[in-house]
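This report concerns only the one structure given below.
The values are calculated or read from the model by the stated rules, or taken from the named source; none is laboratory data. Since we're looking at a predicted model, the values are computed, not measured. In this analysis, Cβ positions are derived from the backbone assuming ideal geometry, glycine residues included, and neighbour counts consider all displayed protein chains. We work out accessible area using only protein heavy atoms, side chains counted, and drop any ligands, DNA or RNA first. Shrake-Rupley method; radii C 1.70, N 1.55, O 1.52, S 1.80 Å.
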Amino acid sequence: MSEYYDFNKMEYIGNQKGLKAGDGFHYYNPGELIQGKKMSEWLKFSVAYWHTMDQRLVDPFGDGTAQRPWDKFEDPMEQALAKVDYMFEFLDKMNVEYFAFHDRDLAPEGKTLRETNANLDKVVDKIVEKMQETGKKVLWNTSSLFTNPRFVAGGATAPFADIVAYSAAQIKHSLEIAKRVNSMNYVFWGGREGYESLLNTDMKLEQEHIAKFFHMAKDYANEIGYTGQFLLEPKPKEPTSHQYDTDAATTIAFLKTYGLEKDFKLNLEGNHAYLAGHTYEHEVRVARDAGLLGSLDANMGDKLIGWDIDEFPNDIYEATLVMYEMLKNGGLATGGLNFDAKPRRQSFTMEDLFLAHTAGMDTYAAGLRVAAKLLEDRVFDSVIEDRYSSFKSGIGADFENDKVTFKELEDYVIDKPQSELIAATKSGHLEQLKSTLNNYIFTVLGK
Ligand code: XUL
Ligand code: CO
């Protein structure tokens, strides 16, 4: 493989050194077994094309600061084709097996959809060749129905029929690409599928439209024999003030209302969870409980700034609790951990891209190690079992097994004195539990 970057391939070196580009992973050891499975199988890391190859590190107040070696290509198609080479060498050097992309990340648009598709197909041809050469895989692909001004009021939920038709045609081609690149999943993130004001919005009609649109997409995937898992990615706001797929619970209700729950699972993103007023682990738990946990966009936000800033993950508590949910789920099936993340605007060098991915991979690898130990020792399981133990016998078991009526429950408590009811409650011992979690993090990672 040709050499574009002056960095060594990232390998596991253990946790004895300071984190520096080229030093290697402290916690991610791809071949090491955790609960009987290789770390690389639990942690199907994926590089996001739109951030790593395309992101200029803009913020709402300033231009991009990114310095990238492919900036030297001035012709947009020439640059698009060159970026494929840079991407594959990046994957190789980072020891990452998967990548993810939107259609519009790959190639510039033409004057018509036909021309745009032709540009895109040229780049996909090269991607397919590179995949065959290197064995790298696509975790998921998706379609941008939000960047171009034609999508000013949404794609599948646009109040304009021509735009809905255009959106369908664009997704149709994206599904054909999904089949060509054997994408493990196909993601729909509702870019501008939401509204700014109810004063000019028929919310019910828009939701019916997008549900119909999803059924048509699935029908087309079946028609062409594309069998990847469909995923919906919740987010509560940005860019619209109200996004329809607000959070995991809302998205599950939407899927069930429109008979889509057999065809879709959820792709959950850390920063989106914060924007919805939830923790990341809450969103993952909601999806797991519903049997709909699909994949993870492993990033985090800044609790002070409040925007969707797509920071690379570095919060070990969060990574531990998210990995705990993932292990409880028995893994992610076709899903993985996609770094929908970008370096900070002041981290503008190529080296920062390597550092940022290393930090993200190590954070989740460390989280996986701690979570596996917490599970093995049944730390939370035994607390939860004890907390709900009153449902194992007596009135609790009768309630559990549908053997009591409201009247009988009333008979059971009506004459109980307050002292007996208070005696039936137990401390939650949260401080102790959180400090146990700290101890697991320190001891497992300190080894
Ligand atoms: C936007 C976001 C997207 C999706 C794919 O907040 O997360 O990048 O992951 O369209
Ligand atoms: Co995302």
Check your understanding: Does any residue of segment 299-321 turn out to be among the aliphatic types (A, V, I, L, M), over 16 Å from the mean Cα position of the chain (by Cα), at pLDDT below 95 and away from ligand 1 (no atom under 16 Å from the Cβ)?
Key -> yes
**Study point:** Residue list for segment 28-52, filter: part of a loop (DSSP other than H, G, I, E, B) and closer than 14 Å to N338 by Cβ
**Key:** L43, K44
**Study point:** Top-ranked residue in segment 363-416 [being of a type in the set (S, T, N, Q) and in contact with a Gly (Cβ under 9 Å, 6 or more places away or on another chain); ranked as nearest to K37 (Cα to Cα)]
**Key:** S389
Exercise for review: Answer with yes or no whether A371 is among the small types (G, A, S), open to solvent by less than 50 Å² (accessible area, probe 1.4 Å), closer than 19 Å to A319 by Cα and in contact (Cβ under 8 Å) with a residue 60 or more places away in the chain.
Suggested key: no
Revision key, fill the gap. Flagged in segment 55-103 as open to solvent by 50 Å² or more (accessible area, probe 1.4 Å), touching a residue at least 60 places away in the same chain (Cβ under 8 Å) and not in a loop (DSSP other than H, G, I, E, B), in numbering order, are D59
Revision key, fill the gap. Checked segment 185-212 for anything away from ligand 2 (no atom under 16 Å from the Cβ) and in contact with a Phe, Trp or Tyr (Cβ under 9 Å, 6 or more places away or on another chain); matches are Y195, T201, M203, E206, Q207, E208, I210, A211, K212
Point to revise | Subset of segment 133-155 that is among the basic types (K, R) and touching a residue at least 24 places away in the same chain (Cβ under 8 Å) - its residue that is nearest to A168 (Cα to Cα) | key: K137
Practice item. Name every residue in segment 321-348 that is over 16 Å from K37 (Cα atoms), among the small types (G, A, S) and open to solvent by 10 Å² or more (accessible area, probe 1.4 Å), in order of residue number. Key: S347
Exercise for review: Quick one: which residue in D398, D352 is among the acidic types (D, E), closer than 27 Å to G270 by Cα and open to solvent by less than 80 Å² (accessible area, probe 1.4 Å)?
Suggested key: D352
Check your understanding: Can you pull out the residues in segment 270-320 that are in contact with a Leu (Cβ under 9 Å, 6 or more places away or on another chain), part of a loop (DSSP other than H, G, I, E, B), over 25 Å from F230 (Cα atoms) and open to solvent by 20 Å² or more (accessible area, probe 1.4 Å)?
Key -> G306, W307
Practice item. Please state which one of I177, I171, I224, I210 is in contact (Cβ under 8 Å) with a residue 24 or more places away in the chain, within 16 Å of ligand 1 (Cβ to nearest atom) and more than 30 Å from A249 (Cβ to Cβ). Key: I177
Study note, to complete from the structure: Restricting segment 255-269 to residues that are farther than 22 Å from A48 by Cβ and open to solvent by 20 Å² or more (accessible area, probe 1.4 Å), the one farthest from ligand 2 (Cβ to nearest atom) turns out to be G259
Review point. If only one of A107, A161 is over 22 Å from the mean Cα position of the chain (by Cα), closer than 25 Å to F354 by Cα and either open to solvent by less than 10 Å² (accessible area, probe 1.4 Å) or among the hydrophobic types (A, V, I, L, M, F, W, C) (or both), which one is it?
Key: A107
Review point. Does D308 meet the test of being away from ligand 2 (no atom under 16 Å from the Cβ) and over 20 Å from G330 (Cα atoms)?
Key: no
Check your understanding: A248 is checked against (1) surrounded by fewer than 18 Cβ atoms within 10 Å (Cβ to Cβ); (2) closer than 22 Å to A276 by Cα and fails just one. What number does that condition carry?
Key -> (1)
**Study point:** Residues of segment 197-228 satisfying the condition of being over 30 Å from S241 (Cβ atoms) and open to solvent by 100 Å² or more (accessible area, probe 1.4 Å)
**Key:** E223, T227
Check your understanding: What number of residues in segment 180-195 are more than 16 Å from ligand 1 (Cβ to nearest atom) and either touching a Pro at 6+ places or on another chain (Cβ under 9 Å) or assigned to a helix (DSSP H, G or I) (or both)?
Key -> 1
